[in-house]
Amino acid sequence: MEAKPCIDSLTVKSSHVLPPDTNSHGTLFGGKLMAHIDDVAAIAAVRHARKPVVTASTDSVDFLQPVFEGDTICLEAFVTWTHNTSMEVFVKATTENLLTGERKVCTTAFLSMVAVDEKNEPSPVPGVYPESDEEKWLHENAQKRHEHRKNRRKESKELAEKFGTSLPWKRDC
């Protein structure tokens, strides 16, 4: 497979923040923002791999700025790095007050997406190469983030095995 530039997977999605999207503070639900992040990352990953994908992990999501009712949320995503069947996708979310035009980055995140075949088995993906300075900056540390995710996943599996399906303080859930 021939490697592709990061920009080929660029995906941009904007949404108007409406009352059902907000909490009692009048700001966007964190889970709603996370759903937008997962959606735009999946589109970018499919655009790169041209195969169905599943989300393998989401790195920490820090809510840097509130997103208010009436604002828009604009998400940009692209594949920054690949490894066999997985892709790292960078997502930046920006909020805009439509009345003033003020824009702020409200969150950034990295997601790992895995391409799958018709049997839902992991499937190889093309490589990716950076062109812009920003893409190169993200690409440089991608292997380190990948190793960190791999270690975190191992710890998560250990926790799952230790605690199993029941909670120690309540056995009948």
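Each reported figure results from applying straightforward, stated rules to the coordinates on display, with no laboratory input. Fair warning: this is a prediction, and the values are worked out from it, not measured in the lab. Using ideal geometry, Cβ is built from the backbone for each residue, glycine included, and neighbour counts are taken over all protein chains shown.
Observations on the structure shown:
- Close amide H contacts of ALA56 (hydrogens built in the peptide plane, cut-off under 5 Å, sequence separation of 5 or more or a different chain): SER112, MET113, VAL114.
- The aspartates and glutamates whose alpha-carbon is closer than 18 Å to the alpha-carbon of LYS150, local same-chain residues fewer than 8 away aside, are ASP59, GLU88, GLU140, GLU158, GLU161.
- The convex hull drawn around the Cα atoms of the chain, when projected onto a plane and averaged over every direction, covers 12.9 nm².
- At R0 = 30 Å, FRET efficiency that the Cβ-Cβ distance of VAL54 and ASP133 yields, to 0.05: 0.45
- Restricting the trypsin sites (Lys or Arg not before Pro) of the stretch 30-99 to loop positions (DSSP other than H, G, I, E, B) with no more than 14 neighbouring Cβ atoms within 10 Å leaves ARG50.
- The helix-based estimate of mean residue ellipticity at 222 nm for the chain, built from -39,500 (n - 2.57) per DSSP H run of four or more residues and divided by its residue count, is -9500 deg cm²/dmol to the nearest 500.
- In loop segments of the stretch 98-173 as defined by DSSP, the trypsin sites (Lys or Arg not before Pro) with at most 14 further C-beta atoms inside 10 Å of their C-beta are LYS119, ARG171.
- Enclosing the Cα atoms of the stretch 31-125 in their convex hull gives a volume equal to 91 cubic angstrom per residue.
- Violating pairs (Cα-Cα greater than 23 angstrom) within the set LYS51/LYS119; LYS51/LYS144; LYS32/LYS119; LYS13/LYS104; LYS4/LYS92; LYS32/LYS136: LYS51/LYS144; LYS32/LYS119; LYS32/LYS136
- Exposure rule at most 12 other beta-carbon atoms within 10 Å, DSSP loop GluC sites (Glu not before Pro): the chain longest free segment: 3-101
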